[in-house]
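Undergrad: Structure incoming, see below.
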Amino acid sequence: MATFRTKPDHQRYTFEGFGSEKYPNLMLRGAGDLNNWPMATYVAKHEGYMAAKKALQMEPVAVTEEVKTSGIRGRGGAGFPAGLKWSFMPKDSSDRKFTRYVVCNGDEGEPGTFKDRAILEYNPHQLIEGMIIAGWAMQCQTGFIYIRGEFLWLIEKLEYAIQEARDAGYLGKDILGTGWDFDLIVHRGAGAYICGEETALLNSLEGRRGEPRVKPPFPAAKGAFGQPTTINNVETLAAVPAILRMGGAEYAKLGRPKNTGTRVFCLSGHVKRPGLYELPLGLPLDFIMNDLGGGSSTGRKIKAVIPGGSSAPVFSEQEFGTLMDFDSVRDAGSMAGSGGIIMLDEDTCMVQACLRLIRFYAHESCGQCTPCREGCNWMEMILHRIEHGHGRLADLELLESITPNIAGKTLCPLGDAACGPMDSMLKKFHLEFEHHITHKTCLVSGHQLLANVGGH
Amino acid sequence: MNHSLSPETTDQALAPGERLPRSQRTEFSPEAIAEIHAIAASYPDKLAATLPALHIAQREFGFVSLDAMKAVARALSIPEAHVFGVASFYTMYQKKPVGKFHLQVCTNICCALSGGAEFLEKVCEKTGCKPGGGPSPDGLWSVEEAECLASCGSAPVMQVNADVYDENLDEARLAEIMKACERGEYREWAK
Ligand SMILES: Cc1cc2nc3c(=O)[nH]c(=O)nc-3n(C[C@H](O)[C@H](O)[C@H](O)COP(=O)(O)O)c2cc1C
Ligand code: SF4
Ligand code: SF4
């Protein structure tokens, strides 16, 4: 067996009861076992390629229908129903033939998110199988898998796994005697969070700067290399084999209506048992935080939780009972996003936390549109000033006046993403910001969150 | 633009087959050219090979120098300005030389909550480097403050060159990792 990793992995992938009927294990089979990834294991232990065989005997539209029935919503951030997205792809007619592409988004850059990585580490064949099924359903010619550049060992492993699939006849020409040709190309990113945005990703795939494109045209009309394209997250595509195996209707019974299936939650921050928790959608946040995560790691109370990756507006204690599914989290004023749950204890300085996040967005803004490029930098400068004890009380109003001029006024959602944490932290932890300005120092005394900065 | 392949120009006398030190090179090796052409052929459009070719350039030249960008443009017959635009957009293409062991420390929110900021300061102290400030005098180390590396559950985290991440770090682990680097247990930068 080829080896791509010898360093042990200390990440937590399981909890008591995981793998039972109540908490089915669809996405993390064998996670934690570094020998789990090869094809032989996938086929022998995890029902590997059964779903692909089944799908390729079905009509492509019927496969898309099955995914629609499952109700699965994208796990990459926006939560758009995957089956519906697939159905937007144009079909061949007698006078027009299309070249169609399916693209997997493995950029995994959203702070607080580390789930796609586990799928690539332990179950690359599950993603490959999902891509084959998606490719068949939409009658694509090629699939591209875009992986962030830092994951070099995972890219090498994935390429090896793809070759295994080719050798077994699941990729290449005339797959399983259907007459359909399909292959996968792995594309390595080069360090840019914005390339996770789907149209920026397409530009990056085409060899350009990772700048988001104006929509419309949407990728289903004009995507990679100008051709109809569908982009899905790693987890979304890796869930497809399970959907085909158990049937869309059965999958839809997991979770809650309109929020079906399981998803891999990433628990991090001040939590006793950080790690990945695959759970049916719709469990209460405090159940995940306390019953599964073991509560605060510092012994101090948790005062804030970022419920869906760093772009999601922060929750304070009143919202800890929120059911973790797309609609409930949205109704509670945040977003389920990428499934990253970050816990912050009461000693965490929210001004620093906010500055750290806004600095990230200012750094990662591609610079195409003025509200995002300038606005994020302004917010960073103002927060910096407050953090360093030079803030003025008027700065808080100034900050409040900036976000409405960014949100909804930019080409891509990165601008909105920066406003989520900014607005919510300022609103819910206003006292801490005020204290910083009037006392020129923190209200709390937790870990320093910014390197090489004074003021603390 | 002139895309013809010219031999490396140098005042130094080179033996047949001998190459300039990596950081002074202006041309790809023939193997690298072949690799780039093969990649370009696998995509619907050769422009798509820009990112992979720049990764290869980083390996061949040690960092993405202006000469390296020009070599990419020549290898793919695409405008130099395009290559420059792309190379300057992405942070993983090092536009300046880095140390033999380039330590990329995540300081984003989840790592910071677990002490990532203090860890970065320790890394700087132990290596004598500033984040983004080029290699240490002995050329062994360089340090970069990275954005979220997708390892939030096992923070703080650091990536040495392109190796598998080192996770759950503290000062003691840092000392071990630095020793392991010195013993040659980590692959050197771009090798
Ligand atoms: C700034 C920004 C960053 C994003 N980063 C990622 C990412 O790293 N991975 C991902 O799958 N989706 C990311 N997305 C969401 C994608 O644009 C897209 O919605 C998603 O890949 C679609 O797949 P899904 O429908 O399966 O979720 C990002 C979006 C934005 C605006
Ligand atoms: S919102 Fe920001 S990241 Fe998105 S296109 Fe505009 S400048 Fe670029
Ligand atoms: S104003 Fe500046 S950033 Fe904007 S297009 Fe002109 S040169 Fe570029």
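The values are calculated or read from the model by the stated rules, or taken from the named source; none is laboratory data. Please read these numbers as outputs of a predicted model, since none were measured by experiment. Cβ atoms come from the backbone with ideal geometry, glycine included; neighbour counts cover every protein chain shown. Surface accessibility is based on the protein's heavy atoms, side chains included, excluding ligands, DNA and RNA. Shrake-Rupley method; radii C 1.70, N 1.55, O 1.52, S 1.80 Å.
Undergrad: Which of (1) open to solvent by less than 20 Å² (accessible area, probe 1.4 Å); (2) away from ligand 2 (no atom under 16 Å from the Cβ); (3) closer than 25 Å to A:Gly79 by Cα; (4) of a type outside the set (S, T, N, Q) is the odd one out, the single condition A:Ile406 does not satisfy?
TA: (2)
Undergrad: What are the residues in segment A:198-233 that are under 24 Å from A:His363 (Cβ atoms), within 14 Å of chain B (Cβ to nearest Cβ), in contact (Cβ under 8 Å) with a residue 40 or more places away in the chain and open to solvent by less than 10 Å² (accessible area, probe 1.4 Å), if any?
TA: If the condition is that a residue be under 24 Å from A:His363 (Cβ atoms), within 14 Å of chain B (Cβ to nearest Cβ), in contact (Cβ under 8 Å) with a residue 40 or more places away in the chain and open to solvent by less than 10 Å² (accessible area, probe 1.4 Å), then A:Ala200, A:Leu201, A:Leu202, A:Ser204, A:Leu205, A:Gly210, A:Pro212 are the ones that fit.
Undergrad: If we scan segment A:203-222, do we find a residue that is in a helix (DSSP H, G or I), out of contact with any Asp or Glu (no Cβ under 7 Å at 6 or more places or on another chain), assigned by TED's automatic domain parsing to the domain that holds A:Lys97 and within 16 Å of ligand 2 (Cβ to nearest atom)?
TA: The answer is yes; a qualifying residue exists.
Undergrad: Sticking with this one: Checking the condition touching a helix residue (DSSP H, G or I) at 6+ places or on another chain (Cβ under 7 Å) and either closer than 16 Å to A:Val234 by Cβ or small (Gly, Ala, Ser) (or both), which residue from A:Leu127, A:Leu171 passes?
TA: Unique residue meeting the criteria: A:Leu127.
Undergrad: Looking at A:Gly275, A:Gly247, A:Gly282, which is the one that is over 30 Å from B:Pro79 (Cα atoms) and within 11 Å of another protein chain (Cβ to nearest Cβ)?
TA: The conditions single out A:Gly275.
Undergrad: What helices (runs of 4 or more DSSP H), lying completely within segment B:82-191, carry at least 3 residues that are free of Cβ contacts under 8 Å to residues at least 40 places away in the same chain and open to solvent by 50 Å² or more (accessible area, probe 1.4 Å)?
TA: B:116-127, B:171-182
Undergrad: A follow-up question, please. Would a scan of segment A:375-387 turn up a residue that is among the polar types (S, T, N, Q) and either open to solvent by 50 Å² or more (accessible area, probe 1.4 Å) or over 30 Å from A:Gly299 (Cβ atoms) (or both)?
TA: Yes, segment A:375-387 has at least one match.
Undergrad: While we're here: Do we find a residue being in contact with a Ser or Thr (Cβ under 6 Å, 6 or more places away or on another chain) and among the polar types (S, T, N, Q) anywhere in segment A:76-92?
TA: Yes; the residues of segment A:76-92 include at least one that is in contact with a Ser or Thr (Cβ under 6 Å, 6 or more places away or on another chain) and among the polar types (S, T, N, Q).
Undergrad: Now for a different question. Please specify each residue of segment A:236-261 satisfying the condition of being open to solvent by 10 Å² or more (accessible area, probe 1.4 Å), in contact with a strand residue (DSSP E or B) (Cβ under 7 Å, 6 or more places away or on another chain) and assigned to a helix (DSSP H, G or I).
TA: Within segment A:236-261, A:Ala252 is the sole residue that qualifies.
Undergrad: Sticking with this one: A:Ser316 passes all but one of (1) under 21 Å from A:Thr14 (Cα atoms); (2) open to solvent by less than 20 Å² (accessible area, probe 1.4 Å); (3) of a type in the set (Ser, Thr, Tyr); which number fails?
TA: (1)
Undergrad: From the residues in segment A:352-366 that are open to solvent by 10 Å² or more (accessible area, probe 1.4 Å) and either assigned to a helix (DSSP H, G or I) or modelled with pLDDT under 95 (or both), which one is farthest from ligand 2 (Cβ to nearest atom)?
TA: A:Arg359
Undergrad: Also, I was wondering about something else. How many residues does segment A:262-272 hold that are outside any strand (DSSP E or B) and facing chain B (nearest Cβ under 9 Å)?
TA: 1
Undergrad: Same structure again: Go through A:Asp395, A:Asp423 for me and flag whichever is more than 23 Å from B:Cys106 (Cβ to Cβ), open to solvent by less than 40 Å² (accessible area, probe 1.4 Å) and modelled with pLDDT of 95 or more.
TA: Every option except A:Asp395 fails the conditions.
Undergrad: Of all residues in segment B:135-157, how many are closer than 18 Å to A:Ala451 by Cα and within 11 Å of chain A (Cβ to nearest Cβ)?
TA: Final tally of qualifying residues: 11.
Undergrad: Can we say A:Gly389 is outside any loop (DSSP other than H, G, I, E, B), over 24 Å from the mean Cα position of the chain (by Cα) and in contact (Cβ under 8 Å) with a residue 24 or more places away in the chain?
TA: Answer is no for this residue.
Undergrad: Do we have any residue at all in segment A:392-404 that's within 15 Å of ligand 1 (Cβ to nearest atom), more than 19 Å from A:Ser334 (Cα to Cα), out of contact with any strand residue (DSSP E or B) (no Cβ under 9 Å at 6 or more places or on another chain) and outside any helix (DSSP H, G or I)?
TA: no
Undergrad: So, one more: Determine which single condition A:Ala31 fails, assuming it passes every other condition in (1) within 14 Å of chain B (Cβ to nearest Cβ); (2) aliphatic (A, V, I, L, M); (3) within 30 Å of A:Pro90 (Cβ to Cβ).
TA: (3)
Undergrad: List pairs: first in segment A:345-366 and farther than 12 Å from A:Pro421 by Cα and of a type in the set (Gly, Ala, Ser), second away from ligand 2 (no atom under 16 Å from the Cβ) and not in a loop (DSSP other than H, G, I, E, B), Cβ under 9 Å, 6+ apart or cross-chain?
TA: Close Cβ pairs satisfying both conditions: A:Ala362/A:Met381.
Undergrad: List pairs: first residue in segment A:67-86 and under 25 Å from A:Leu414 (Cβ atoms) and at pLDDT below 95, second residue of a type in the set (Asp, Glu) and within 16 Å of ligand 2 (Cβ to nearest atom) anywhere in the structure, Cβ distance under 8 angstrom, at least six positions apart or on different chains.
TA: Close Cβ pairs satisfying both conditions: A:Gly77/A:Glu110.
Undergrad: What's the total number of residues in segment A:328-351 that are open to solvent by less than 30 Å² (accessible area, probe 1.4 Å), within 16 Å of ligand 1 (Cβ to nearest atom) and more than 14 Å from chain B (Cβ to nearest Cβ)?
TA: 3
Undergrad: Return the residue satisfying two criteria in turn: it lies in segment A:178-193 and is at the interface with another protein chain (Cβ under 9 Å from one of its Cβ atoms) and open to solvent by less than 20 Å² (accessible area, probe 1.4 Å), and of such residues it is nearest to ligand 3 (Cβ to nearest atom).
TA: A:Ala192
Undergrad: Can you tell me which residues in segment A:405-456 are within 16 Å of ligand 1 (Cβ to nearest atom) and part of a loop (DSSP other than H, G, I, E, B)?
TA: Within segment A:405-456, A:Ala407, A:Gly408, A:Lys409, A:Thr410, A:Leu411, A:Cys412, A:Pro413 meet the criteria.
Undergrad: When both residues are 6+ apart or on different chains and their Cβ atoms are under 7 Å apart, which pairs have a first residue that lies in segment A:93-105 and is under 12 Å from A:Thr142 (Cβ atoms), and a second that is among the aliphatic types (A, V, I, L, M) and part of a loop (DSSP other than H, G, I, E, B)?
TA: If the second residue must be among the aliphatic types (A, V, I, L, M) and part of a loop (DSSP other than H, G, I, E, B), the pairs left are A:Arg100/A:Met89; A:Arg100/A:Met138; A:Val102/A:Met138.
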